[in-house]
Amino acid sequence: MTMQDANVAPHPLRCGRHQLDLSYPRVMGILNVTPDSFSDGGRHNALDDALRHAERMLAEGAAVIDIGGESTRPGATPVSPQEELDRVLPVVERLVRELDALVSLDTSQPQVMREAASLGAGMINDVRGLRWPGALEAAAISGLPVCLMHMVGEPTDMQLSPHYDMPVEDAVAAFFETRIAECEAAGLRRDRLVLDPGFGFGKRVEHNLRLLNRMQQLTDFGLPLLVGMSRKSMIGKVLARPVEERLPGGLALATMAVERGARIVRVHDVGPTVDAVNMTWAVLQEGTDA
Ligand code: 9MG
């Protein structure tokens, strides 16, 4: 057994009528359907555009399409449940029906979780780790796997003055410990959970760099790790690059995350990331029987 095989999650992950094989790292394509999303700000709002964009990401090798109707960029304000439903449900419905895609719903709203699940979504991605009232129960009943992400504060205030009383990786691990126990108590089985350290969510650049360096220890939970660093400000700050010039930095981070145990990488630029991840994996697998 190689280092990258140690502590990895059981696979495949059952995602409704899809199975997500996590015996190797997979790429999740981002489909924002918000008018103010930070990197593709409104360009994919129209239903047909969204569908075409998703189709392209699938052709480039995305295993999952993550649909979000609430911007979670720093400073963003929450949207009403109805607004979120209006934005995401038509997209979920068409991606499922026309592309048979494995759709993940990026939401914290219980009502959105319920309705998306009934339309055939295969996964829930909650940046608030099911902490909003009713979210834990809705997710448990859905039968879907859930990505629990670590975030301190809310998108409106999380980057004002991020601070930790302990090493950031310990704070993230303690959060997972608590949330996993609460999920299990609510009937959401451990084998339905995916963990995400939440890069950029209530974290300074130094926190993000440290967390990535030490991410391997989060594999001790024995659950799949998901990471999202694509086009984020940590790249902008380190390299002094505007959002449209952050792909090389993002590929370096994706590669390092896979080396440290990530099995799902959430990105905007699917094709280049699939190549980077597959190349990294080939090196990691060298000398094994796989
Ligand atoms: C919605 N969203 C934005 N960034 C994210 C990240 O890093 N992880 C997850 N799971 N979702 C994210």
- prompt: Restricting attention to segment 253-286, which residues are open to solvent by 40 Å² or more (accessible area, probe 1.4 Å), away from the ligand (no atom under 16 Å from the Cβ) and either touching a residue at least 60 places away in the same chain (Cβ under 8 Å) or part of a helix (DSSP H, G or I) (or both)?
  reply: Thr255, Glu259, Pro272, Asp275, Asn278, Met279, Ala282, Val283
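To keep it simple, each residue is scored yes or no on (1) closer than 25 Å to Ala63 by Cα; (2) in contact with a Pro (Cβ under 6 Å, 6 or more places away or on another chain).
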{"residue": "Leu105", "(1), (2)": "yes, no"}
{"residue": "Leu119", "(1), (2)": "yes, no"}
{"residue": "Met123", "(1), (2)": "yes, yes"}
{"residue": "Gly134", "(1), (2)": "no, yes"}
{"residue": "Ala139", "(1), (2)": "yes, no"}
{"residue": "Asp157", "(1), (2)": "no, no"}
{"residue": "Met166", "(1), (2)": "no, no"}
{"residue": "Pro197", "(1), (2)": "yes, no"}
{"residue": "Gly202", "(1), (2)": "no, yes"}
statement: Flagged in segment 192-219 as open to solvent by less than 20 Å² (accessible area, probe 1.4 Å) and of a type in the set (Lys, Arg), in numbering order, are Lys203
field: Verdict on Glu70 being out of contact with any strand residue (DSSP E or B) (no Cβ under 6 Å at 6 or more places or on another chain) and within 12 Å of the ligand (Cβ to nearest atom)
entry: yes
Matching residues in segment 85-101 - criterion: being over 17 Å from Ala46 (Cβ atoms) and either open to solvent by less than 10 Å² (accessible area, probe 1.4 Å) or assigned to a helix (DSSP H, G or I) (or both): Leu85, Val96, Arg97, Ala101
Some residue of segment 237-244 being touching a Pro at 6+ places or on another chain (Cβ under 9 Å), under 29 Å from Arg14 (Cβ atoms) and not acidic (Asp, Glu): no
message: Considering only residues that are under 20 Å from Val194 (Cβ atoms) and within 16 Å of the ligand (Cβ to nearest atom), which ones fall in segment 83-106?
response: Val88, Val92, Leu102, Val103, Ser104, Leu105, Asp106
query: If a residue has to be within 15 Å of the ligand (Cβ to nearest atom), touching a strand residue (DSSP E or B) at 6+ places or on another chain (Cβ under 8 Å) and open to solvent by 10 Å² or more (accessible area, probe 1.4 Å) to count, how many in segment 107-126 make the cut?
result: 0
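Out of Ser161, Ser108, report the one residue that is within 30 Å of Glu206 (Cβ to Cβ), free of Cβ contacts under 8 Å to residues at least 40 places away in the same chain and touching a Phe, Trp or Tyr at 6+ places or on another chain (Cβ under 6 Å). Steps first, answer last, please.
Working: Ser161 fails: touching a Phe, Trp or Tyr at 6+ places or on another chain (Cβ under 6 Å).
After ruling out the rest, the residue left standing is Ser108.
Determine if segment 230-239 includes at least one residue that is polar (S, T, N, Q), more than 20 Å from Ala140 (Cα to Cα) and at pLDDT 95 or above.
Filtering segment 230-239 down to residues polar (S, T, N, Q) leaves 230, 233.
Narrowing the set further to residues that are more than 20 Å from Ala140 (Cα to Cα) leaves 230, 233.
From the residues that got through so far, the ones that are at pLDDT 95 or above too are 230, 233.
Within segment 230-239, one or more residues are polar (S, T, N, Q), more than 20 Å from Ala140 (Cα to Cα) and at pLDDT 95 or above.
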- request: May I ask you to say which residue of Lys232, Lys237 is more than 23 Å from Val146 (Cα to Cα) and open to solvent by 30 Å² or more (accessible area, probe 1.4 Å)?
  value: Lys237
- line: Every listed condition ((1) surrounded by 22 or more Cβ atoms within 10 Å (Cβ to Cβ); (2) farther than 19 Å from Gly153 by Cα; (3) among the basic types (Lys, Arg)) holds for Arg189 save (1)
statement: Given (1) open to solvent by less than 10 Å² (accessible area, probe 1.4 Å); (2) of a type in the set (Gly, Ala, Ser); (3) under 17 Å from the mean Cα position of the chain (by Cα), Ala138 misses just (3)
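The values are calculated or read from the model by the stated rules, or taken from the named source; none is laboratory data. Note that the structure is predicted; figures quoted are calculated from it, not measured. Glycine gets a Cβ as well: all are built from the backbone with ideal geometry, and neighbour counts include every protein chain shown. Heads up: the accessible areas ignore ligands, DNA and RNA and are worked out on the full protein's heavy atoms, side chains in. Shrake-Rupley method; radii C 1.70, N 1.55, O 1.52, S 1.80 Å.
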